Amino acid sequence: MLQGGCWNVRSSGRVRDRWAGAIFFGTVQFTLSPTLSMRNTHRLLAVLLVAGAAAAPDAAQAQAQSRIITGRGSATLSNAVRVGDLVFASGALPSGGANADTTIEGQTTSTLENIKRTLETAGTSINNAVKCTVFLVEGADFRGMNTAYTKFWSAENPPPARTTVVVKALVVPSAKLEIECIAAMPKP
């Protein structure tokens, strides 16, 4: 059966390098005759696999993907994308400009404020974040980042799961970190 894009192939046995069995595609059964050669059986399987892939809906389409653009979105970047009950916020950088904070604490706060605005525009909040990934340029900045990061959550709203990765560089040379988050939509 084709369920979630997977094939269920049932074989009743091998007869001298030839198969006897059936393939279920939805509710349609395709019987493989023991008189088919292995090459022809493989061709039939390939045709059915391609047909199944074309017929199976994309997971994003099935979940009614919607694009949310805030700020200065571009042709190559959505600030957030909602798929089903999840919002995937793109990696955010600290706000720049002449008065930009250069400390890790200030950049962490600025970045999380940007994420917070993006999630609120998408209809959720930072309190609904379930997973964040932090990309740090310097491992030595972990403690300062963590100090500012923990201020966004409380005992009533615990922080989401998090991964912190040290990277060689970011797109903006003055940025010390980048943060991306996944948040759940609130239940009505």
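Summary of computed values
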| quantity | calculated |
| --- | --- |
| R0 of 25 Å, Cβ-Cβ distance SER125-SER66: FRET efficiency to nearest 0.05 | 0.90 |
| Debye log10 I(q)/I(0) for segment 102-153, one point scatterer per Cα, at q = 0.20 Å⁻¹ | -0.70 |
| Length released on extending from ARG117 to ASP101, taking residue separation times 0.36 nm less the Cα-Cα span | 3.9 nm |
| Summed residue charge, Cβ within 14 Å of ALA148's Cβ, Lys/Arg positive, Asp/Glu negative | +1 |
| Neighbour net charge for ILE126 - beta-carbon separation under 10 angstrom, K R +1, D E -1 | 0 |
| Relative contact order of segment 61-184, pairs being alpha-carbon contacts under 8 Å that are 6 or more residues apart, as % | 32 percent |
| Pair LYS187, LYS151: separation of 7 Å Cα→Cβ label points (nm) | 3.3 nm |
| FRET efficiency, 1/(1 + (r/R0)^6) with R0 30 Å, evaluated for PHE142 and VAL83 via beta carbons | 0.45 |
| Fully extended contour minus Cα-Cα distance, from SER90 to LYS168, at 0.36 nm per residue | 26.2 nm |
| Exposure proxy order (Cβ contacts within 10 Å, fewest to most) of ILE115, ILE182 | ILE182, ILE115 |
| Kirkwood-based shape ratio for segment 61-184, expressed as Rg/Rh from alpha carbons | 0.96 |
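Quick note: the coordinates plus some simple rules give every number you see, no bench work behind them. Note that the coordinates shown come from a computational prediction; the quantities given were computed from them, not determined experimentally. Positions of Cβ are backbone-derived with ideal geometry, glycine not excepted, and every protein chain shown enters the neighbour counts.
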